[in-house]
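What follows is one structure encoded as structure tokens, with my remarks underneath.
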Amino acid sequence: MSISIGLAGKPNSGKSTFFNAATLANVEMANHPFTTIDAHHGVTHVRVNCPCKSLGKQCNQCQDGARFVPVEIIDIAGLVPDAHKGRGLGNAFLDNLGQANAIIHVIDASGGTDIEGNPVGIGEHDPVDDIEFLEHEITMWMAGILERNWDRLSRRIKAENLKLERVISDQLQGAGVNEHQARVVLLKMKMPDDPTKWTDEEMVALSDALRIESKPLIIAANKMDIAPPELVERLMSADRVVVPTSAAAEYALRMAAKSDVIEYLPGDKEFRIKAELSDAQKAGLDKIRMLLDEKGSTNIQECINTAVLELLDQIVVYPVEDENKYTDKKDRMLPDAFLLQRGSTPHDLAYMVHTDIGDGFLHAVNAKTKMRMGEKHELEDSDVVKIISTK
């Protein structure tokens, strides 16, 4: 499980509810700042169509054709303005973002919490203000890290002819910036040739570009069930990837499904009642059904899928031992599903399965077409692959 998604945002935006809905973990939820004191790590899933049906088979790894592939999700404590200066719970929680490959920014679309996360009346706060606030905090956090010892580092770059992207990625390693991302940003930015003369403004601009490249971000416009439509529309019109969500409705559905009260899979557009309901349960589920009829979904699953499959450009590939039956040595059909960066090769998949298999890689076979795949062949989404290795 190599993908990590960070949940970020101010207090009381619904992050912990989102986390619970996505993982069914028991994380405290309350209507006051800093309910989340430490970053919580959990497992959520990307939902994709299992290829078994297209192969004319039925596997035991999916549910009604839906395959759920695990990814890590991190619920990070609520951020407040000037967190990069240590305000509130400070840099310790920004540091947790360094572990995340992408960020879901949970925003209270109802406008019912101010910039600090304190409750106010519905619609009294403009949620659009929350977008730039978080991005600014992450950028300034990165700039603070980058600027540490920069005088010394920049002189070394100049004197020893060091690779600029390597120095930057080493400096920002804890923020999750790699050398490739630093190189891409430097090519786009066209920074002044002499790094010893970079201004503070140029360092901040560079850090902002590094944030965008290394921490792709999607906005969960949360509490859509109580948000004034004009506020949701304002968020949707922002130049960002925005998905309206209701974490509270999704959490209620998953808890009801876990208790066997309803039949529901994350991402479904409807649910089926399986048990006798109390009046309170019926009223609650009727309200959620109306929401699903109006919005189509709670969109929690869509938000996770968009972060992983679109922002991070991942595909799902299925390694097998027997390319004819699509099974492993234990005769389990499509036993494993791996997330890989689009453009990955069978050799990359071999290393994900096991280092030894990667070291001994010879070639692979497309189980669907029975055609041989070379070492540099680019895998496609839903490929079923048999790896031929000396080990």
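Any read-out appearing in this document is the output of simple, stated calculations on the displayed coordinates, not a laboratory observation. Predicted model, so just to flag it, every value in this text is computed and none were measured. Please note: Cβ atoms are built from the backbone with ideal geometry, for glycine as well, and neighbour counts cover all protein chains shown.
Contour minus end-to-end for D293 and D200, with contour as 0.36 nm per residue of separation and end-to-end as the Cα-Cα distance?
Details: separation 93, 0.36 × 93 = 33.48 nm, distance 5.10 nm.
My answer for the length gained is 28.4 nm.
In straight Cα distance, which lysines are under 25 Å from K215, not counting same-chain residues fewer than 8 positions off?
List returned: K10, K15, K85, K163, K188, K190, K223.
Please find, in a Gaussian network model of the chain (springs between Cα atoms separated by less than 10 Å), the residue of H125, H41, H180 whose mean-square fluctuation is greatest.
H180
Rank D130, D75, D200 by mean-square fluctuation in a GNM of the chain with C-alpha springs under 10 angstrom and give only the top-ranked residue.
D200
Any idea what the relative contact order of the chain is, in percent, if you count C-alpha pairs under 8 Å spaced at least 6 apart?
On the way: 772 pairs, mean separation 59.2, N = 391.
Relative contact order for the chain comes out at 15 percent.
Using a Förster distance of 35 angstrom, determine the FRET efficiency expected from the C-beta separation of L55 and S259, and round it to 0.05.
Details: r = 34 Å, r/R0 = 0.98.
About 0.55, to the nearest 0.05.
Can you tell me which of P195, P51, P127 moves the most in a GNM of the chain? Springs connect C-alpha atoms under 10 Å apart.
P195
For L187 and D286, what is the calculated FRET efficiency with R₀ set at 35 Å and r taken between the beta-carbons, to the nearest 0.05?
Working: r = 55 Å, r/R0 = 1.57.
Efficiency for this residue pair is about 0.05.
If the cut-off is 20 Å between C-alpha atoms, which aspartates and glutamates fall inside it for K386, apart from same-chain ones fewer than 8 positions away?
Candidates past the 8-residue exclusion: E321, D322, E323, D328, D331, D336, D348, D356, D359, E375, E378.
Eigenvalues of the Cα gyration tensor times 5, then square-rooted: what semi-axes does that give for region 299-357, in whole angstrom, largest first? All intermediate terms of the calculation are to be shown ahead of the outcome.
Details: eigenvalues 124, 47, 14 Å².
For region 299-357, the ellipsoid semi-axes come out as 25, 15, 8 Å.
Only Cα pairs under 8 Å and at least 6 apart count here; give the relative contact order of region 314-389 as a rounded whole percent.
Details: 169 pairs, mean separation 28.7, N = 76.
The value is 38 percent.
Considering all alpha-carbon pairs of the chain, what whole percent are spaced by more than 40 angstrom? Don't jump to the answer; show the numbers that get you there.
Working: 18732 of 76245 pairs.
In whole percent, the long-distance tail amounts to 25.
For a quick check: with amide H placed at 1.01 Å from N, whose amide H comes under 5 Å from V120's, ignoring anything fewer than 5 positions away on the same chain?
Amide H to amide H, under 5 Å and 5 or more residues apart or across chains, V120 pairs with T113, D114.
Helix-only estimate, please: 222 nm mean residue ellipticity of the chain, summing -39500 (n - 2.57) across DSSP H runs of length 4 or more and dividing by its residues, to the nearest 500. Mind showing how you got there, number by number?
Numbers: 13 runs with 137 residues, N = 391.
About -10500 deg cm²/dmol.
Sort by residue number and report every cysteine in the chain with no other cysteine beta carbon within a distance under 4.7 Å.
By the Cβ distance rule, which asks for a partner under 4.7 Å, the isolated cysteines are C303.
Computed FRET efficiency, Cβ-Cβ of E147 and I115, R0 30 Å: what is it to the nearest 0.05? It would help to have the intermediate numbers written out before the result.
Numbers: r = 26 Å, r/R0 = 0.86.
Computed FRET efficiency for E147 and I115: 0.70.
Which log10 I(q)/I(0) values, to two decimals, does region 314-389 give at q = 0.25 Å⁻¹ under the Debye formula with one point per Cα?
The calculated log intensity ratios at q = 0.25 Å⁻¹ are -1.22.
How far is the Cα center of region 322-377 from the Cα center of region 160-186, in Å?
Centre-to-centre (Cα) distance: 32 Å.
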